[in-house]
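The values are calculated or read from the model by the stated rules, or taken from the named source; none is laboratory data. If you're wondering where the values come from, they're calculated on a predicted model, not measured in any experiment. A quick note on method: Cβ atoms are made from the backbone with ideal geometry, for glycine too, and the neighbour counts reach across all protein chains shown.
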Amino acid sequence: MGILDKEFSEGNIVIAKTEDLFNWARLSSLWQVGFGLACCAIEMMATSASHYDFDRFGVIPRPSPRQSDIIIISGTVTLKMATRIKRLYEQMPDPKYVISMGSCANCGGPYWEHGYHVLKGVDRVIPVDVYVPGCPPRPEALLEGLMKLQEKVRNESMVKKSA
Amino acid sequence: MALKTEEMVLNMGPQHPSTHGVLRLELKLDGEIISDVIPHIGYLHRCFEKHSEAMTYPQVIPYTDRMDYLASMYNEFGYALAMERLMGIEVPERVEYIRVIMGELQRIASHLVALGTYGADIGAFTPFLFCFRDRERILHLFEITCGARLLYNYIWIGGLSNDLHPDFIRLTKEFIKDFKPNLKELNDLLSYNAIFIERTANVGVLPPDTAINYGVTGPNLRASGMKWDLRKDDPYSVYHKFNYEIPVGSGAKGKIGDCWDRYFIRVREMEESLKIIEQAIDQIPDGDVTSAIPKRIKPPEGQIYTRVENPRGELGYFIISDGSLNPARVKVRAPSFVTMQVFPELCKGWMVADVVAILGSIDIVLGEIDR
Amino acid sequence: MKTAEEIFSILKEKFGDSIIELKSDKPVEPFILTAPLEVDKISIYLRDNSELLFDSLMNLSGVDDANGEKVKDENGNEIIKGGNLSVWYHLESTKLKHKLTLKVSTDREKPEVATVTEAWKCADWHEREAYDMYGIIFLNHPDLRRILMPYDWEHGYPLRKDYQNPEFYQGMKVPY
């Protein structure tokens, strides 16, 4: 008999705070918009492939932003693309989260000095929750970024509104 | 009362699960049939050429990696070859052999991504996972050599940054032994699958004369029946010492030059690359890989255009030097940029679902198109 | 297979003054300097002549020679006046296996070059890119508009040596 059998042998009532239950449900199935820009997108695809599986954390790619919880900005954001990213972000329903993956999305990356068409950091157009550094970050680094986001969701509160 | 029809404009926007990157296609439709396609690019323009004018010659190499991020070794190879021809540097033979091995491993890795994502676009998700599993083995080989999985900064002007890891040759032989049955598995899963053949045979035929006029090279040109490969027609490095064939499209399942041909050429090319790697590992000589790297790279005034055979076609570097430490102009002739021009011709008359099949078969990388 | 000197003499016979000279002093490749407004006729001849048969345009690139004089404009920034912008063509024949390099030079203030899209359709997007990055106008081009920068970019031509970054674009700060 395992632990779970002992817990549920006398009646099936689990007591928890509503906030904890909702947060646990939300962080275990964060669905992402299938959105890859540049080299970091290949590492994101490798993270969702079988070697470093993303699916065991509940993250599956959805084609449309209206059906997803997180958007992973993977790759360089250019000025031409920035207006479209803003529109994609506004199409996502609340509560939504943003992971900025790679140096280019964090702060402009190797193109910070002479890039006349590169936006130096995606946080100039949308608010970011987690920054994952690297050029490109290893799949393990992206998984750690996801786990930090899960920590953040775990501590959220429905009563106290955040900014 | 007469019925009338109007042309509809549909946008396959920069965010789309099947466009292989940030590409915007404006489709002009007559019902479901396409009358015109207008591609809009520039969503990933990262100012590579302006950066290369501000950096010194060796500092440009990490930037060349990031243009075609699926074939980074070949980008560096092309640049280093152009600079060595401009400056007249002779590299040791061991360096040439290692460059060829890395280049061919990179070709296999790039084709695996192309085929895996093409299957995923058509609707078959399992080959995608199988291809990425094999690709992880190759990335592990790269990682023990130079420390990085995707963007290497390994091939320098005049040599390499460091020598091979002691276990590299043994692990490569094991990889080759394990990969041959996996290729057969991929063929059983995808290449001879009846649904895949229905979707891709006879679709998007590219005649060879149109291809040459539009400047298409690489596997797309060979699938149209023309035997043109820079490794044999304009040889560079030590490719003339190996025994390998150039696969040409033969119209086995439909017309010559359709999407199935372009797909199957890449599978055959992976087999030929395995042959080259096996021969190179047997023949590799000893030597010092960093001995020919000059202390300061200051080429004479002049200009040069060199080309190599990327997994996607002919990658050309046009470098103008004015005698100082920074280049005056570095222009990259990207194969995907040229192939994107012929795309509207291929799509006319087909349906919207075929656009996805044709786009996947020409295998573009947006980082290279926009630079 | 023909060398650059033989091709130069064939072209000089047919076109006379439009073919200016053959420069082969600097490394590595020799190139032929031609007149900018005659390049379209020369390109069709190069493609169709049975001894030359250049059926493939490998590359077309714009270059800023930056050989004018540097002056300061009203904001104190350094701009270049006078001098040349040039366009380089790299051609190849897949049947006869020879290559050729052509160069044309135009004024920086009024850069105009004839288009070669009739001979090789490959030149279409390459010329659009040269227009986008340098401002070189290609006469008779079927569709000359910006290709890599946004369509409403009005802050100049980025790859010129005296290009200045704007401060804001559509509300986003551009410099670091």
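Scanning region B:73-91 for residues that are assigned to a loop (DSSP other than H, G, I, E, B), farther than 13 Å from B:Trp156 by Cβ and either more than 14 Å from chain C (Cβ to nearest Cβ) or of a type in the set (Ser, Thr, Tyr) (or both) yields a count of 1. Here B:Lys28 passes the criteria (1) assigned to a strand (DSSP E or B); (2) within 14 Å of another protein chain (Cβ to nearest Cβ); (3) without any contact (Cβ under 8 Å) to a residue 40 or more places away in the chain except the one numbered (2).
The rows are residues; the columns are (1) surrounded by fewer than 20 Cβ atoms within 10 Å (Cβ to Cβ); (2) among the aromatic types (Phe, Trp, Tyr); (3) at pLDDT 90 or above.
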{"site": "A:Val98", "(1), (2), (3)": "no, no, yes"}
{"site": "A:Gly109", "(1), (2), (3)": "no, no, no"}
{"site": "A:Glu113", "(1), (2), (3)": "yes, no, no"}
{"site": "A:Ile126", "(1), (2), (3)": "yes, no, yes"}
{"site": "A:Cys135", "(1), (2), (3)": "yes, no, no"}
{"site": "A:Pro139", "(1), (2), (3)": "no, no, yes"}
{"site": "A:Met147", "(1), (2), (3)": "yes, no, yes"}
{"site": "A:Glu156", "(1), (2), (3)": "yes, no, no"}
{"site": "A:Lys160", "(1), (2), (3)": "yes, no, no"}
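Please tell me if C:Pro158 is out of contact with any Phe, Trp or Tyr (no Cβ under 6 Å at 6 or more places or on another chain), part of a loop (DSSP other than H, G, I, E, B), over 30 Å from C:Met1 (Cβ atoms) and within 14 Å of chain B (Cβ to nearest Cβ). No; evaluated as a whole, the condition is false for this residue. All but one of (1) over 20 Å from B:Asp234 (Cβ atoms); (2) modelled with pLDDT of 90 or more; (3) more than 14 Å from chain C (Cβ to nearest Cβ) hold for B:Phe343; state the number of the condition that does not hold. For B:Phe343, the failing item is (3). Restricted to region B:247-286, and to residues there that are in contact with an Asp or Glu (Cβ under 9 Å, 6 or more places away or on another chain), within 23 Å of B:Leu81 (Cα to Cα) and modelled with pLDDT under 90, the residue that is surrounded by the fewest Cβ atoms within 10 Å (Cβ to Cβ) is B:Pro285. Taking the criterion of being part of a loop (DSSP other than H, G, I, E, B), farther than 30 Å from C:Gln164 by Cβ, within 14 Å of another protein chain (Cβ to nearest Cβ) and among the charged types (D, E, K, R), the only residue of region A:116-163 that qualifies is A:Arg138. Counting the residues of region B:120-136 that are more than 22 Å from B:Asn310 (Cβ to Cβ) and more than 8 Å from chain A (Cβ to nearest Cβ) gives 8.
Looking at A:Asp69, A:Asp55, just one residue is among the charged types (D, E, K, R) and closer than 19 Å to A:Glu156 by Cβ, and that residue is A:Asp69. Does C:Lys121 satisfy the criteria of being part of a loop (DSSP other than H, G, I, E, B), under 29 Å from C:Glu5 (Cα atoms) and not hydrophobic (A, V, I, L, M, F, W, C)? Spelling it out, C:Lys121 is indeed part of a loop (DSSP other than H, G, I, E, B), under 29 Å from C:Glu5 (Cα atoms) and not hydrophobic (A, V, I, L, M, F, W, C).
Number of residues in region C:88-118 that are more than 10 Å from chain B (Cβ to nearest Cβ), in a strand (DSSP E or B) and acidic (Asp, Glu): the value is 2. Selection of region C:34-79 for residues being outside any helix (DSSP H, G or I), more than 14 Å from every other protein chain (Cβ to nearest Cβ), of a type outside the set (D, E, K, R) and in contact (Cβ under 8 Å) with a residue 60 or more places away in the chain yields C:Thr34, C:Ala35, C:Asn77, C:Ile79. Could we say that B:Ser336 is closer than 22 Å to B:Tyr69 by Cβ, within 13 Å of another protein chain (Cβ to nearest Cβ) and not in a strand (DSSP E or B) here? It is true that B:Ser336 is closer than 22 Å to B:Tyr69 by Cβ, within 13 Å of another protein chain (Cβ to nearest Cβ) and not in a strand (DSSP E or B). Based on this model, can you work out whether B:Arg371 counts as at pLDDT below 90, within 19 Å of B:Arg66 (Cβ to Cβ) and touching a helix residue (DSSP H, G or I) at 6+ places or on another chain (Cβ under 6 Å)? It is true that B:Arg371 is at pLDDT below 90, within 19 Å of B:Arg66 (Cβ to Cβ) and touching a helix residue (DSSP H, G or I) at 6+ places or on another chain (Cβ under 6 Å). Looking across region A:43-86, the residues that are at the interface with chain B (Cβ under 10 Å from one of its Cβ atoms), farther than 28 Å from C:Tyr169 by Cβ and assigned to a loop (DSSP other than H, G, I, E, B) come down to A:Ala49, A:Ser50, A:His51, A:Tyr52, A:Asp53, A:Pro63, A:Ser64. Scan region B:279-316 for residues that are more than 8 Å from every other protein chain (Cβ to nearest Cβ) and assigned to a loop (DSSP other than H, G, I, E, B) and the total you get is 18. Answer yes or no as to whether B:Lys227 is within 14 Å of another protein chain (Cβ to nearest Cβ), of a type in the set (Lys, Arg), farther than 16 Å from B:Leu346 by Cβ and touching a helix residue (DSSP H, G or I) at 6+ places or on another chain (Cβ under 9 Å). In short, yes.
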